[in-house]
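S.K.: Provided herewith is a single structure, encoded as structure tokens, for subsequent inquiry.
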Amino acid sequence: MANFYTDNKALQYHLHHPLMREIVALRERNYTESEKFDYAPLNFEDAMDSYERVLEVIGEICADIVAPNAKDVDAEGPHLNDGHVTYASATNQNMKALVQAGLMGITLPRQYNGLNLSQIPYTMAADMVSRADASFVNVWGLQDCAETINEFGSEDQKQRYLPRTCAGETLAMDLTEPDAGSDLQSVMLKATQDPDGTWRLNGVKRFITNGDGDIALVLARSEEGTRDGRGLSMFIFDKRNGGMTVRRIEDKMGIHGSPTCELVFKNAPAELCGERRLGLIKYVMSLMNGARLGIAAQSVGISESAYREALEYARSREQFGKAIINFPAVAEMIANIKAKLDASRTLLYECTRAVDMYKSLEAIARERTLTPDERKTMKSYNRLADALTPLAKGMTSEFANQNAYDCVQVHGGSGFMRDYACERIYRDARITSIYEGTTQLQVVAAIRHVTTGTYLNLIKTYAQREYNDTTAPLKARLDDMTALFEQSLETVKAVEDPDYLTFHARRLVEMCGHIIMGYLLAGDATVCPELFLNSARVYLNMGEAQVAAHTRFIQAFNPDDIQAYKQE
Ligand SMILES: Cc1cc2nc3c(=O)[nH]c(=O)nc-3n(C[C@H](O)[C@H](O)[C@H](O)COP(=O)(O)OP(=O)(O)OC[C@H]3O[C@@H](n4cnc5c(N)ncnc54)[C@H](O)[C@@H]3O)c2cc1C
């Protein structure tokens with residue numbers, strides 16, 4: 001029977017990373033959860049057993065239901081009736097299958113009917129669902145908004161909203177407005193308070209995925225007279241209370257199954273989540289970090305499907321008397337797709353483990369005082385997650401686009417026809433580098449980790465790990481790439497102009513991305529050469545050439561030439 005988990009050894013490899021022992025122990029509060037819930041795991045082995053079982057169930061649903069439905073979902077899309085959305089009929093089928101299998105609220109605590117799994121299996125589930133249908137992950141995957149309620153909501157809010165999420169109600173994240181996209185400080189949707197204390201929302205939100213979801217987190221201006229991020233608060237809007245209608249569903253290039261909505265709020269009752277004024281500064285930052293990881297998982301899933309579609313087609317299509325996979329030009333495209341896929345996935349799970357570690361410790365800190373060691377660990381993983389999240393979102397989404405492009409290319413003219421899945425994959429991939437912050441905005445977030453040395457310190461940690469006879473030569477090349485990066489950074493810094501740093505920021509961030517992913521893949525290839533050595537070799541060839549090209553660009557660049565790039 002087809003199964004998107006059991007047919008993917010890379011997922012199984014990442015699930016069994018050595019740090020999982022610590023992650024699961026934290027998540028299960030050293031297995032004391034089993035004293036309160038008789039179905040909670042008794043030890044690490046027991047927990048990993050249930051992680052495997054859950055992933056197998058999701059893998060089966062993805063292969064048997066979600067993937068076969070993807071073409072119909074893409075063709076039908078959602079409908080708008082009387083200001084509300086109905087999904088494509090196959091989207092409803094997908095959702096029903098996952099809800100019936102108990103796969104909502106995967107990471108939520110057990111007392112709210114969640115599964116209390118760590119972020120790693122949840123991200124793997126998103127990776128598989130995206131491989132099956134990248135549009136559907138946007139509906140199912142918005143369950144991670146509930147994490148924000150779990151983290152910042154009151155106990156009463158958690159008791160009212162989290163069990164509903166676990167029972168299959170869907171969520172939405174309402175941030176963007178016509179004049180507030182990348183710059184969320186400009187959000188103007190108004191929140192005012194009635195004399196009885198009820199908050200009311202008035203205004204318009206644009207481009208909201210699953211905008212007609214049952215429960216929404218809405219960023220709104222609660223402080224009259226303010227114009228920046230400090231006047232914004234986070235609200236929970238419950239669709240059952242009315243006051244919001246969908247004005248239109250966008251007609252999009254891709255991810256057709258995911259309703260992207262324009263919403264009109266008219267005196268819609270809502271409740272404050274957390275404290276006033278911290279909406280953007282604290283809660284949206286946390287919400288978006290989770291969502292960015294979700295888009296990285298979506299990107300990896302898309303790359304996985306691009307790889308499999310390209311490989312299958314290249315094996316079966318014959319030209320000039322042989323299968324096209326035998327032509328070096330085609331084989332190279334497929335090897336490149338695979339290398340970018342494996343590089344994306346190793347970065348995604350490295351980042352997810354860091355999120356798992358600090359989020360679990362943060363949750364424990366809400367229950368008791370952390371020991372100094374625990375606090376130190378939490379801070380260091382928090383820093384790591386902050387640095388790796390924009391890198392993961394930026395790099396994996398760009399790779400998903402490149403991989404989808406090459407997948408179409410491998411298919412030749414057939415790739416341009418709707419008969420093959422690659423055409424849909426290509427359209428679906430395009431959004432990944434735009435929403436949840438464009439690639440340019442990921443660079444804005446990542447550049448400070450270049451200048452403060454977070455990435456370089458991480459690279460140095462990876463360089464100290466053990467490599468074997470086969471991977472040591474890769475490591476030596478990575479050392480050389482690191483030296484080129486350091487040289488380039490010095491050259492840029494020497495100009496002592498923030499605009500000059502901004503101009504080269506993407507190049508510098510990408511260099512770090514290639515080196516970090518190169519090291520991670522070299523590490524994977526040391527542990528499991530049969531799965532990763534080829535990709536590590538291919539990736540290093542690409543990454544090394546990119547780092548050399550960026551170095552050359554930076555070294556040869558005349559700072560005066562910056563004028564030539566300015567457009568008025
Ligand atoms: C299909 C879809 C689904 C979406 N779902 C949601 C959702 O569920 N919830 C939600 O709140 N929003 C959602 N969005 C909105 C999405 O997050 C924004 O579209 C995105 O953040 C970009 O904002 P913008 O479209 O206004 O583009 P702009 O901000 O106008 O950007 C235009 C261009 O300018 C560049 N740019 C802007 N600022 C800078 C800068 N400082 N430095 C360098 N370059 C810059 C951008 O990179 C981009 O190339 C969705 C969008 C789409 C298309």
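The values are calculated or read from the model by the stated rules, or taken from the named source; none is laboratory data. Here the structure is a predicted model, which means the values were calculated and not measured. Cβ coordinates were reconstructed from backbone atoms using ideal geometry, including for glycine residues, and neighbour counts include every protein chain displayed. SASA here: full protein model, heavy atoms, side chains in, ligands and nucleic acids out. Shrake-Rupley method; radii C 1.70, N 1.55, O 1.52, S 1.80 Å.
S.K.: So is Phe553 loosely packed, with under 13 Cβ neighbours inside 10 Å and within 23 Å of Ala446 (Cα to Cα) or not?
M.R.: Spelling it out, Phe553 is indeed loosely packed, with under 13 Cβ neighbours inside 10 Å and within 23 Å of Ala446 (Cα to Cα).
S.K.: Can I ask one more? I'm trying to understand the selection: among the residues of the range 174-229, which are of a type in the set (Asp, Glu) and closer than 30 Å to Gly254 by Cβ?
M.R.: Within the range 174-229, Asp174, Glu177, Asp179, Asp183, Asp212, Asp214 meet the criteria.
S.K.: Now for a different question. Just checking, which of Pro109, Pro78 is surrounded by fewer than 22 Cβ atoms within 10 Å (Cβ to Cβ) and either in contact with a strand residue (DSSP E or B) (Cβ under 6 Å, 6 or more places away or on another chain) or modelled with pLDDT of 95 or more (or both)?
M.R.: Pro109
S.K.: Mind checking whether some residue in the range 507-516 is over 28 Å from Tyr13 (Cα atoms), without any contact (Cβ under 8 Å) to a residue 12 or more places away in the chain and not hydrophobic (A, V, I, L, M, F, W, C)?
M.R.: No; the residues of the range 507-516 include none that is over 28 Å from Tyr13 (Cα atoms), without any contact (Cβ under 8 Å) to a residue 12 or more places away in the chain and not hydrophobic (A, V, I, L, M, F, W, C).
S.K.: Something else about it: Any residue in the range 538-565 that's farther than 30 Å from Ile334 by Cβ: show its pairings with residues that are among the basic types (Lys, Arg) at Cβ separation under 8 Å, as long as the two are six or more apart or on different chains.
M.R.: Cβ pairs passing all conditions: Ile554/Arg507.
S.K.: Do we have Ala323 as at pLDDT 95 or above and more than 29 Å from Met234 (Cβ to Cβ) here?
M.R.: yes
S.K.: Determine whether Lys158 is over 30 Å from Asn403 (Cβ atoms), touching a residue at least 24 places away in the same chain (Cβ under 8 Å) and not assigned by TED's automatic domain parsing to the domain that holds Ala268.
M.R.: yes
S.K.: Any residue at all in the range 113-132 that's touching a helix residue (DSSP H, G or I) at 6+ places or on another chain (Cβ under 6 Å), among the aromatic types (Phe, Trp, Tyr) and either crowded, with 23+ Cβ neighbours inside 10 Å or touching a residue at least 12 places away in the same chain (Cβ under 8 Å) (or both)?
M.R.: No, there is no match, as no residue in the range 113-132 is touching a helix residue (DSSP H, G or I) at 6+ places or on another chain (Cβ under 6 Å), among the aromatic types (Phe, Trp, Tyr) and either crowded, with 23+ Cβ neighbours inside 10 Å or touching a residue at least 12 places away in the same chain (Cβ under 8 Å) (or both).
S.K.: Please go through (1) under 17 Å from the mean Cα position of the chain (by Cα); (2) over 20 Å from His79 (Cα atoms) for Gln157 and return the number of the only condition it doesn't satisfy.
M.R.: (1)
S.K.: Looking at the range 423-494, what helices (runs of 4 or more DSSP H) fall wholly within it and have at least 2 residues that are open to solvent by 40 Å² or more (accessible area, probe 1.4 Å) and of a type in the set (Lys, Arg)?
M.R.: 472-494
S.K.: For Pro328, state whether it is without any contact (Cβ under 8 Å) to a residue 12 or more places away in the chain and not aliphatic (A, V, I, L, M).
M.R.: Considered against the rule, which asks whether it is without any contact (Cβ under 8 Å) to a residue 12 or more places away in the chain and not aliphatic (A, V, I, L, M), Pro328 comes out as yes.
S.K.: Is there any pair with a first residue in the range 81-96 that is more than 15 Å from Glu169 (Cβ to Cβ) and a second that is of a type in the set (D, E, K, R) whose Cβ atoms are under 8 Å apart and which are 6 or more apart or on different chains, and what are they?
M.R.: Once the first residue is more than 15 Å from Glu169 (Cβ to Cβ) and sits in the range 81-96, its partners that are of a type in the set (D, E, K, R) give Gly83/Arg247; Ala88/Asp72; Ala88/Glu76; Ser89/Asp72; Ser89/Glu76; Ala90/Asp72; Ala90/Glu76; Asn94/Asp133.
S.K.: Something else now. May I ask you to verify whether Ile447 is within 15 Å of the ligand (Cβ to nearest atom), under 15 Å from the mean Cα position of the chain (by Cα) and of a type in the set (A, V, I, L, M, F, W, C)?
M.R.: no
S.K.: When you look at Met417, is it touching an Asp or Glu at 6+ places or on another chain (Cβ under 9 Å), surrounded by fewer than 17 Cβ atoms within 10 Å (Cβ to Cβ) and farther than 19 Å from Leu348 by Cβ, yes or no?
M.R.: Yes: the conditions hold for Met417.
S.K.: Among the numbered conditions (1) exposed (fewer than 14 other Cβ atoms within 10 Å of the Cβ); (2) under 24 Å from the mean Cα position of the chain (by Cα), tell me where Val57 comes up short.
M.R.: Every listed condition holds for Val57 apart from (1).
S.K.: Taking the range 284-328, which residues are out of contact with any helix residue (DSSP H, G or I) (no Cβ under 6 Å at 6 or more places or on another chain) and in a loop (DSSP other than H, G, I, E, B)?
M.R.: Phe320, Gly321, Phe327
Yes or no, residue by residue, for (1) of a type in the set (Phe, Trp, Tyr); (2) out of contact with any helix residue (DSSP H, G or I) (no Cβ under 7 Å at 6 or more places or on another chain); (3) open to solvent by less than 50 Å² (accessible area, probe 1.4 Å); (4) assigned to a strand (DSSP E or B):
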| site | (1), (2), (3), (4) |
| --- | --- |
| Glu35 | no, yes, no, no |
| Asp38 | no, yes, no, no |
| Leu42 | no, no, no, no |
| Asp46 | no, yes, no, no |
| Tyr51 | yes, no, yes, no |
| Asn69 | no, no, yes, no |
| Asp74 | no, no, yes, no |
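S.K.: What is the number of the single condition among (1) within 14 Å of the ligand (Cβ to nearest atom); (2) surrounded by 24 or more Cβ atoms within 10 Å (Cβ to Cβ); (3) of a type outside the set (S, T, N, Q) that Phe399 does not meet?
M.R.: Looking at each condition in turn, Phe399 falls short on (1).
S.K.: Among the residues of the range 177-218, what is the count of those that are assigned to a loop (DSSP other than H, G, I, E, B) and under 20 Å from Leu272 (Cβ atoms)?
M.R.: Number of matching residues: 10.
S.K.: Might you let me know whether the range 369-382 holds any residue that is touching a Cys at 6+ places or on another chain (Cβ under 8 Å) and more than 27 Å from Ala180 (Cα to Cα)?
M.R.: Looking for residues that are touching a Cys at 6+ places or on another chain (Cβ under 8 Å) and more than 27 Å from Ala180 (Cα to Cα), one finds none in the range 369-382, hence no.
S.K.: Would you mind finding the one in Ser186, Ser118, Ser89, Ser182 that is within 16 Å of the ligand (Cβ to nearest atom) and out of contact with any Leu (no Cβ under 8 Å at 6 or more places or on another chain)?
M.R.: Result of the check over Ser186, Ser118, Ser89, Ser182: Ser186.
S.K.: Can you name the residue in the range 193-224 that is polar (S, T, N, Q) and without any contact (Cβ under 8 Å) to a residue 60 or more places away in the chain and is also surrounded by the fewest Cβ atoms within 10 Å (Cβ to Cβ) among such residues?
M.R.: Gln193
S.K.: A further question follows. Among the residues of the range 421-475, count how many are in contact with a Lys or Arg (Cβ under 6 Å, 6 or more places away or on another chain) and not acidic (Asp, Glu).
M.R.: Residues flagged as in contact with a Lys or Arg (Cβ under 6 Å, 6 or more places away or on another chain) and not acidic (Asp, Glu) within the range 421-475 amount to 3.
S.K.: Name every residue in the range 247-265 that is under 22 Å from Ser433 (Cβ atoms), open to solvent by less than 10 Å² (accessible area, probe 1.4 Å) and either part of a strand (DSSP E or B) or more than 10 Å from the ligand (Cβ to nearest atom) (or both), in order of residue number.
M.R.: Result: Gly257, Cys261.
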